[in-house]
Amino acid sequence: MFRDLFLWSVYTRRIGTAFVLLLHIKARTGAALLAVALAKRKASFTKEMNQRTDFMDHAAKYEDYATACINACHQQSEQRTSSILLSKKKIYGDATYMQIAIASNIRKFITTNSVDKALDEKWFAYPLPFMIRSLWNKCLFGISIFLLGLSAPFFFRIDFSSTSNKQQKQTSHLNTDKTINADIESKETSM
């Protein structure tokens, strides 16, 4: 309920009400990022210059608030901040805070140390081809690139039995339906 009222106050340019409601929302950082996105979007569609400058000023204030929140969280725990930035939130349509910030081009938020650290953790979590340590893995990687996947049928076997079993189960289910229908028809004709 607070989130809906908060978005209404952002939409109607009531920044005082928006900040009071923002204090009562559990996910303040995400709400502030959403407010920045909404205010920027509203400013881009507004024809009057006064309203446009108001929305852009409000967007800057929400951006400062979101940046201050994430910096305060980063000072408490860097690891927790990274997990917060990278976790998907159902309330925002399974988007992460970083996705909202990047999609809305919120530069102050994107350039914080916590976002840099989260990106480093995400980027270096997966080994890149040039980071492969063993010689055998490098050779296999080179062979797979050289052959362009042409050797896949020799190394990987396709099990057709699982698909035929599924088809047999489906046809047996259809056969039982036919026998049930035939039994019902025979009972109806005998009556």
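Only the coordinates and a few stated rules stand behind these numbers; no lab work does. Because the structure is predicted, anything quoted here is derived from the model rather than measured. Note that we place each Cβ from the backbone using ideal geometry, even for glycine, and neighbour counts take in every protein chain shown.
Normalising the average separation of contacting C-alpha pairs (under 8 angstrom, six or more residues apart) by the number of residues puts the relative contact order of the stretch 1-69 at 32 percent. In this structure the amide hydrogen of Ala95, modeled in the peptide plane, comes within under 5 Å of the amide hydrogens of Lys89, none closer than 5 places in sequence on its chain. For the stretch 2-123, averaging the sequence separation of C-alpha pairs within contact (under 8 Å, six or more residues apart) and dividing by the residue count gives a relative contact order of 22 percent. Ranking of Thr112, Thr29, Thr12 by neighbouring Cβ atoms within 10 Å, starting from the fewest: Thr12, Thr112, Thr29. Listed from fewest to most Cβ neighbours within 10 Å, the set Thr111, Thr67, Thr96 follows the order Thr111, Thr96, Thr67. Phe45 to Lys88: FRET efficiency via 1/(1 + (r/R0)^6), r the Cβ-Cβ distance, R0 45 Å, to the nearest 0.05? Computed FRET efficiency for Phe45 and Lys88: 0.95. Computed from the C-beta positions of Leu7 and Gln75 and an R0 of 22 Å, the FRET efficiency is 0.15 to the nearest 0.05. Sorted fewest first by neighbouring Cβ atoms within 10 angstrom, Trp123, Trp8 come out as Trp123, Trp8.
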